[in-house]
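Here the structure comes first, spelled out in structure tokens, and everything after it is commentary.
The values are calculated or read from the model by the stated rules, or taken from the named source; none is laboratory data. In this text the structure is predicted, and so the values were computed from the model without any measurement. FYI the Cβ positions are ideal-geometry reconstructions off the backbone, even for glycines, and counts take in every protein chain you see. Calculation scope for accessible area: heavy atoms of the full protein, side chains included, ligands and nucleic acids excluded. Shrake-Rupley method; radii C 1.70, N 1.55, O 1.52, S 1.80 Å.
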Amino acid sequence: MYLARLQIKGRIRYVIRHSFADQGHFKSRDLFDLGQDPTRYIHYPGGNSYYYDPMVEEAICDQGVELAPDELDRIFFGFLPPEIQRVITGFDRGFRNRSALPDTDDPGKHPPLHPFDKRRYHYLRFGHSSQRHIQRVPQKYFSFLRNKSRDELEHYFEGEERRLAYHELGPYMATMFSLSAMHPLPNAEQPFLSQLDRYFMDQLCSLNEDKEFLAGTPKIEGLYPHLIRYALFWFDHAPVRPDVEWQYIRDFIRRHRVYRPPPKTKIKIAEAERLFGYDWKSLKRMDGPSLNRIYRRLALKHHPDQGGDADAFRRLTQTYKALMRKKPKR
């Protein structure tokens, strides 16, 4: 079972769905409509205890679907309070990514996974744009993608994509559609972005006509609904279109990656004596509180807001800080 997040007439609606095998493919069907607010089916008798409305379990069981002990926890997890979520994940950290149907270690008993799904899953788990080593990844690693309908897979990927940061969407699009395979350029006379857009649309249309990818889904006219979001992603987050805001943030991070301490101020003895009105030996023997009192009195005199000289105030402050660094800390 899985939770489908649907947008109907501008409103979000949640439906519990079920993937089932039919004629060699996995299809999906609706089990229970949770409406716009699934939290109304969660009851809290007290403390961290909770239970789900019996109506939900009864409606699912009436359709011949057996519920696993933690099946409803996976469905309603995102609607539980954070403190209860921490308790659940503390007992079983991997329960959300556990396949609902039993898996097998024999790859011959499974239909091959679609490369598009593997590229997406590999990037979302590792964050690697390079897919050179994806064929070396053990097939057991992709077991989560098995025994699921196309609708269930797309709702899973849609939920994971919402967690991506803004600057990660471009590399994600480039990875899943294998933009690195676009070499050499088809037509050197056309603008590069135009050729890239054409290449992306060709890949998207080919995927929309891929019978293996859409196995088990009803036939529809036009673009498959779950692929529409990638068309929107592309023109909003294309990997080669410059993003001025993110480029500024990235440059700022690079400039501040290495800590550069402020330069040490060398004390000029003659200037310190002139600014504070004491000889050097007295300034060295003077404790911190005494030096601080003198500085406050002189700062009030030289502060620009009080009609003092800004340059004299700056030099006084720099000399005071340099002297205080030499005083023993209490």
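Quick notes on this structure:
- Only residues that are within 20 Å of Asp37 (Cβ to Cβ) and either free of Cβ contacts under 8 Å to residues at least 12 places away in the same chain or in contact with a strand residue (DSSP E or B) (Cβ under 6 Å, 6 or more places away or on another chain) (or both) were counted across segment 59-75, and they come to 4.
- Segment 21-58: number of residues that are more than 15 Å from Phe79 (Cα to Cα) and open to solvent by 60 Å² or more (accessible area, probe 1.4 Å): 14
- Residue in segment 181-199 that is open to solvent by less than 70 Å² (accessible area, probe 1.4 Å) and at pLDDT 90 or above present: no
- Residue among Ile75, Ile88 that is modelled with pLDDT of 90 or more, open to solvent by less than 30 Å² (accessible area, probe 1.4 Å) and assigned to a helix (DSSP H, G or I): Ile75
- Tyr14 vs. criteria open to solvent by 50 Å² or more (accessible area, probe 1.4 Å) and outside any loop (DSSP other than H, G, I, E, B): no
- Residue that is acidic (Asp, Glu) and touching a Leu at 6+ places or on another chain (Cβ under 8 Å), where the choices are Glu168, Glu152, Glu160: Glu160
- Output for segment 286-330, where each listed residue is touching a helix residue (DSSP H, G or I) at 6+ places or on another chain (Cβ under 7 Å) and assigned to a loop (DSSP other than H, G, I, E, B): His303, Gly308, Asp309, Lys327
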